[in-house]
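Visitor: Quick one: structure below, then a few questions.
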Amino acid sequence: MDVLVTVPLPEKLLSRIERHHTVTLHNEDSPISRGALETLIQGKAGLLCTITDKVDGELLQRADQLRVVANYGVGYDNIDVEACTAKGILVTNTPGVLTEATADLTMALILAVARRLLEGDQMVRQGRFKAWTPFGFLGREVSGKTLGIIGLGRIGRAVAKRANAFSMKVIYYSRTRLPGDQEHALQVDYTDLEGLLKESDFVSIHVPLTDGTRHMIGREEFSLMKRTAYLINTSRGAVVDEEALAEALKSGRIAGAGLDVYEHEPKVHEALLEMKNTVLLPHIGSATVETRTRMGELAVENLLAGLDNKRPPTCLNWDAVKAKVA
Ligand code: 8YV
């Protein structure tokens, strides 16, 4: 079968696909253009794609032979899963394999923004470090503070474990509350969103982007947060109203933000770029050699299984597609 791969996978993984199928590869470290995607999707049975590829109704109209969409990433807001299901197309993602890397980056952002790492680094590089001073670069202590986790899925839990090791108090808000024994084991306390926002010194977002979570954190939510609190986001930018965030930071409504994701990625709100109290990363939550290798392996396994009409290891709509076909 013909397959389109928009991620430059390592040779070893590509050859696993090529043993069974004919691959068209977008072999660039930059996203495939929409035009090329629309042209190349025609006649393809499989698509291995990523966050920058929008798999929407319009693309699906051109995808006359498509059977499997294997997303290289856990978040799949780039894909209209419902429209795929309606057309009998399997959709897969890569959960689990990037949990630890993303949780590590979340802690890195907490520490970086609270301890002003980037400001300090710049000062040293620019030759402005003249002497140790008692009040130079005072940040905020992380140990002993309250971390509020919004969304206690795989990544949220991995963050909770790390935060416990940093002697933080961890509270969480999630659509579904964990059973008491699991809360106890993870050393986390449940609270509603309002309570979390009021109590937390660091608010970290770990929900997927859906119609229900878009702009979940906006003006009203910032008004509930402590003036000394920081917002951390390694999930999806549009969960936060970026305009409201810029305002909250500018007015001192909150103390700072550590961001890996943006509402209109790769565009970043101008005001955020000018602020000292923001740490801004280019969506690198899963960007380690080990994790990206595992993501590639899982995406390829998913793709091959789906094309072989077998249940892919991490399929989002297997039952729904099979029910449709039956
Ligand atoms: C990926 C991510 O790097 O998996 C996700 O949802 O946001 C990142 O880990 C990105 O999506 C590339 O597909």
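The values are calculated or read from the model by the stated rules, or taken from the named source; none is laboratory data. Note that the structure is a prediction, hence the values are computed from the model and not measured. With ideal geometry, Cβ positions are generated from the backbone for all residues, glycine too; neighbour counts draw on all protein chains shown. Accessible surface is based on the protein model in full, side chains and every heavy atom, while ligands, DNA and RNA are left aside. Shrake-Rupley method; radii C 1.70, N 1.55, O 1.52, S 1.80 Å.
Visitor: Which members of region 64-81 meet the condition of being in contact with a helix residue (DSSP H, G or I) (Cβ under 9 Å, 6 or more places away or on another chain) and either over 18 Å from PRO208 (Cα atoms) or of a type in the set (Asp, Glu) (or both)?
Guide: LEU66, ARG67, VAL68, VAL69, ASP77, ASP80
Visitor: Could I ask something else about it? Tally the residues that are free of Cβ contacts under 8 Å to residues at least 60 places away in the same chain, away from the ligand (no atom under 14 Å from the Cβ) and open to solvent by less than 10 Å² (accessible area, probe 1.4 Å), restricting the search to region 18-50.
Guide: Count: 2.
Visitor: When you check SER200 against the structure, is it more than 20 Å from the chain's Cα centre (by Cα) and among the polar types (S, T, N, Q), yes or no?
Guide: Details: more than 20 Å from the chain's Cα centre (by Cα): yes; among the polar types (S, T, N, Q): yes.
Against the criterion (more than 20 Å from the chain's Cα centre (by Cα) and among the polar types (S, T, N, Q)), SER200 qualifies.
Visitor: Considering only residues that are out of contact with any strand residue (DSSP E or B) (no Cβ under 8 Å at 6 or more places or on another chain) and not in a loop (DSSP other than H, G, I, E, B), look in region 38-50 and name the one that is nearest to CYS315 (Cα to Cα). Before the answer, list the steps.
Guide: Residues of region 38-50 that are out of contact with any strand residue (DSSP E or B) (no Cβ under 8 Å at 6 or more places or on another chain), as a first pass: 38-39, 42.
With the extra rule that they be not in a loop (DSSP other than H, G, I, E, B), the set shrinks to 38-39.
Numbers: GLU38: 24, THR39: 26 Å.
The residue in question is GLU38.
Visitor: So, one more: Report yes if some residue within region 112-127 is acidic (Asp, Glu) and open to solvent by less than 10 Å² (accessible area, probe 1.4 Å); otherwise report no. Lay out the reasoning, then the answer.
Guide: Start the filter on region 112-127 by keeping residues that are acidic (Asp, Glu), which leaves 119, 121.
Okay, now just the ones that are also open to solvent by less than 10 Å² (accessible area, probe 1.4 Å), so none.
No, there is no match, as no residue in region 112-127 is acidic (Asp, Glu) and open to solvent by less than 10 Å² (accessible area, probe 1.4 Å).
Visitor: State yes or no: is ASP53 open to solvent by less than 10 Å² (accessible area, probe 1.4 Å), in a loop (DSSP other than H, G, I, E, B), within 12 Å of the ligand (Cβ to nearest atom) and modelled with pLDDT of 95 or more?
Guide: On the way: open to solvent by less than 10 Å² (accessible area, probe 1.4 Å): yes; in a loop (DSSP other than H, G, I, E, B): yes; within 12 Å of the ligand (Cβ to nearest atom): yes; modelled with pLDDT of 95 or more: yes.
Spelling it out, ASP53 is indeed open to solvent by less than 10 Å² (accessible area, probe 1.4 Å), in a loop (DSSP other than H, G, I, E, B), within 12 Å of the ligand (Cβ to nearest atom) and modelled with pLDDT of 95 or more.
Visitor: Also, quick follow-up: Pick out the one residue from PHE166, PHE202 that is crowded, with 20+ Cβ neighbours inside 10 Å and among the aromatic types (Phe, Trp, Tyr). Explain how you work it out, then say what you get.
Guide: Working: PHE166 fails: crowded, with 20+ Cβ neighbours inside 10 Å.
The conditions single out PHE202.
Visitor: Kindly provide the set of residues from region 148-197 that are assigned to a loop (DSSP other than H, G, I, E, B) and closer than 20 Å to LEU209 by Cα, ordered by number.
Guide: Our first condition is that a residue be assigned to a loop (DSSP other than H, G, I, E, B); within region 148-197, this holds for 151-153, 166-168, 174-179, 187, 191-192.
Within region 148-197, GLY151, LEU152, GLY153, SER174, ARG175, THR176, ARG177, ASP192 meet the criteria.
Visitor: What is the residue count in region 70-101 for residues that are over 18 Å from ALA305 (Cβ atoms), within 16 Å of the ligand (Cβ to nearest atom) and assigned to a helix (DSSP H, G or I)?
Guide: Selection size over region 70-101: 3.
Visitor: Just a yes or no: is a residue in region 30-45 modelled with pLDDT under 95 and under 19 Å from the mean Cα position of the chain (by Cα)? I'd like the intermediate steps shown before the answer.
Guide: If we filter region 30-45 for residues that are modelled with pLDDT under 95, which is where we start, we get 30.
Adding the requirement that they be under 19 Å from the mean Cα position of the chain (by Cα) leaves 30.
Yes, because at least one residue in region 30-45 is modelled with pLDDT under 95 and under 19 Å from the mean Cα position of the chain (by Cα).
Visitor: Take the residues in region 274-288 that are over 17 Å from the mean Cα position of the chain (by Cα) and not acidic (Asp, Glu), then tell me which one is surrounded by the fewest Cβ atoms within 10 Å (Cβ to Cβ). Even if it seems obvious, please write down each step before you answer.
Guide: So the first thing to find is which residues in region 274-288 are over 17 Å from the mean Cα position of the chain (by Cα), and the list is 274-278.
Adding the requirement that they be not acidic (Asp, Glu) leaves 275-278.
Values: MET275: 15, LYS276: 11, ASN277: 17, THR278: 22.
Looking at residues that are over 17 Å from the mean Cα position of the chain (by Cα) and not acidic (Asp, Glu), I get LYS276.
Visitor: Sticking with this one: Take region 140-153 and flag every residue that is surrounded by 17 or more Cβ atoms within 10 Å (Cβ to Cβ) and not aliphatic (A, V, I, L, M). Explain how you work it out, then say what you get.
Guide: Narrowing region 140-153 to residues surrounded by 17 or more Cβ atoms within 10 Å (Cβ to Cβ): 142, 145-153.
Of everything in region 140-153, those that are surrounded by 17 or more Cβ atoms within 10 Å (Cβ to Cβ) and not aliphatic (A, V, I, L, M) turn out to be LYS145, THR146, GLY148, GLY151, GLY153.
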